[in-house]
Amino acid sequence: MPSEPKIRCNSIWKLFGPHPEKTLDQIDRSLARSEIQQATGHVVAVRDVSFSVQEGETFVVMGLSGSGKSTLVRTLSRLIDPTAGQVLIDNRDITSVSQRELKDLRRHKMAMVFQHFGLFPHRTVLDNVAYGLEVRGERRQARLEKAMEFIDLVGLDGWAEHYPRELSGGMQQRVGLARAMAVEPEILLFDEPFSALDPLIRREMQDELLSLQSTLKKTMVFITHDFQEAIKMGDHIMIMRDGAISQMGTPEEIVADPADSYVADFTEDVPRYKVLSAGKVMRPLEPQTTNTYSSTVPFNAKIESLIDLVADTDQPVAVVDDSGTVLGTVDRAIVMKSMKSTT
């Protein structure tokens, strides 16, 4: 039986304007965003969005500028209150909790990392990282010890007494990441955290976060406009357009079967062999056939990992499930076709 999601959003709407609740009650919700804005003067930022995030997974929300992704992530912590809908954390609807309960949620269960680092220029790295613990009321010695632990964890050993102005952009973002993690939240929200960084530093930060996540296994919601970043970081991806969901699924599902031309445009330049698995492209096993296989591979092995395996043999490779049962086969022709395909 599947576990209860850590985060569940039910039919989230967010309108900006003088009377959002009244407007939402009165409008024809099937109208396009531009039609609603023209008729009412209200902007539909998020439109009937529902999704769930399991504990320990990284859920990526992506889309172009104005798609509603940043507004949506802010409703998860109620930095922005949704006009309608529910945001459930551990099955508790936080849209109806008191300000005191909400403050407790932000201090203990949830932390956010922004694109712009938001560091205090007059505080050292150590005091910046310890800030959330200070707000929570922890004793100075205890919070500084914990802050040092996370400074080391993000690779800033030796920089604790420096000030933000003395750090590069990538190092500053590491401080922001350490500050968020120091309060040991169950949920981490990232709003395009690496988009202001140079490409090389951006890749390093992505790898750093993936490495940390492999150990810490936090529940993460990650906002980006970069599809390559989305497929690298996400267990599941939700693509938004004009405030609504265009498609939701695993990176492999989206790359293999884009729902529409908007999604297909994102996937166009993705090397499919880096995303698709053996189980996705295999030839199904025909009943009552006996074959000699050169080797076996798990169904979730990426095509990229099979290149050397099939290069020097004409025999098929068996694709097996977790119990070792043969599900189908791949061979050199399938791998080569996957490498040539871009759509």
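The values are calculated or read from the model by the stated rules, or taken from the named source; none is laboratory data. Keep in mind that this is a model prediction, so the values were computed, not measured. FYI the Cβ positions are ideal-geometry reconstructions off the backbone, even for glycines, and counts take in every protein chain you see. To get the accessible areas, we keep the full protein, side chains included, count just its heavy atoms, and leave off ligands, DNA and RNA. Shrake-Rupley method; radii C 1.70, N 1.55, O 1.52, S 1.80 Å.
Determine, yes or no, whether Lys218 is in contact (Cβ under 8 Å) with a residue 12 or more places away in the chain, open to solvent by less than 60 Å² (accessible area, probe 1.4 Å) and of a type in the set (Lys, Arg). In short, yes. Would you confirm whether any residue within the range 267-277 is aromatic (Phe, Trp, Tyr), in contact with a Ser or Thr (Cβ under 6 Å, 6 or more places away or on another chain), more than 19 Å from Ala333 (Cβ to Cβ) and outside any strand (DSSP E or B)? The answer is no, given that none of the residues of the range 267-277 is aromatic (Phe, Trp, Tyr), in contact with a Ser or Thr (Cβ under 6 Å, 6 or more places away or on another chain), more than 19 Å from Ala333 (Cβ to Cβ) and outside any strand (DSSP E or B). Considering the range 46-57, and only residues there that are within 19 Å of Gln247 (Cβ to Cβ) and open to solvent by less than 30 Å² (accessible area, probe 1.4 Å), the residue that is farthest from the chain's Cα centre (by Cα) turns out to be Val46.
Residues that are without any contact (Cβ under 8 Å) to a residue 40 or more places away in the chain, crowded, with 17+ Cβ neighbours inside 10 Å, within 30 Å of Gln37 (Cα to Cα) and of a type in the set (A, V, I, L, M, F, W, C) are absent from the range 293-314 altogether.
For the range 33-44, a residue qualifies if it is touching a residue at least 40 places away in the same chain (Cβ under 8 Å) and either closer than 14 Å to Phe190 by Cα or open to solvent by 10 Å² or more (accessible area, probe 1.4 Å) (or both), and exactly one does: Arg33. There is at least one residue in the range 247-257 that is of a type in the set (A, V, I, L, M, F, W, C), surrounded by 14 or more Cβ atoms within 10 Å (Cβ to Cβ), farther than 30 Å from Arg29 by Cβ and without any contact (Cβ under 8 Å) to a residue 40 or more places away in the chain.
When the range 84-109 is filtered for residues that are more than 22 Å from Thr219 (Cβ to Cβ) and either within 21 Å of the chain's Cα centre (by Cα) or surrounded by fewer than 15 Cβ atoms within 10 Å (Cβ to Cβ) (or both), the ones remaining, listed by number, are Ser98, Gln99, Arg100. Need the failing condition index for Val60 against (1) more than 25 Å from Leu210 (Cα to Cα); (2) among the hydrophobic types (A, V, I, L, M, F, W, C); (3) open to solvent by less than 30 Å² (accessible area, probe 1.4 Å), just the number. Only one criterion in (1) more than 25 Å from Leu210 (Cα to Cα); (2) among the hydrophobic types (A, V, I, L, M, F, W, C); (3) open to solvent by less than 30 Å² (accessible area, probe 1.4 Å) is unmet by Val60, namely (1).
Scanning the range 76-122 for residues that are over 26 Å from Gly243 (Cα atoms), charged (D, E, K, R) and in a helix (DSSP H, G or I) gives Arg100, Glu101, Lys103, Asp104, Arg107.
Can you tell me which residues in the range 119-159 are open to solvent by less than 50 Å² (accessible area, probe 1.4 Å), among the small types (Gly, Ala, Ser) and within 29 Å of Thr224 (Cα to Cα)?
Answer for the range 119-159, where residues must be open to solvent by less than 50 Å² (accessible area, probe 1.4 Å), among the small types (Gly, Ala, Ser) and within 29 Å of Thr224 (Cα to Cα): Ala130, Gly132, Ala147.
Could you please let me know if Met112 is more than 21 Å from Gly17 (Cβ to Cβ), open to solvent by 10 Å² or more (accessible area, probe 1.4 Å) and either basic (Lys, Arg) or touching a residue at least 24 places away in the same chain (Cβ under 8 Å) (or both)? The answer is yes for Met112. Scanning the range 168-222 for residues that are within 19 Å of Gly158 (Cβ to Cβ) and not in a helix (DSSP H, G or I) returns a single hit, Ser168.
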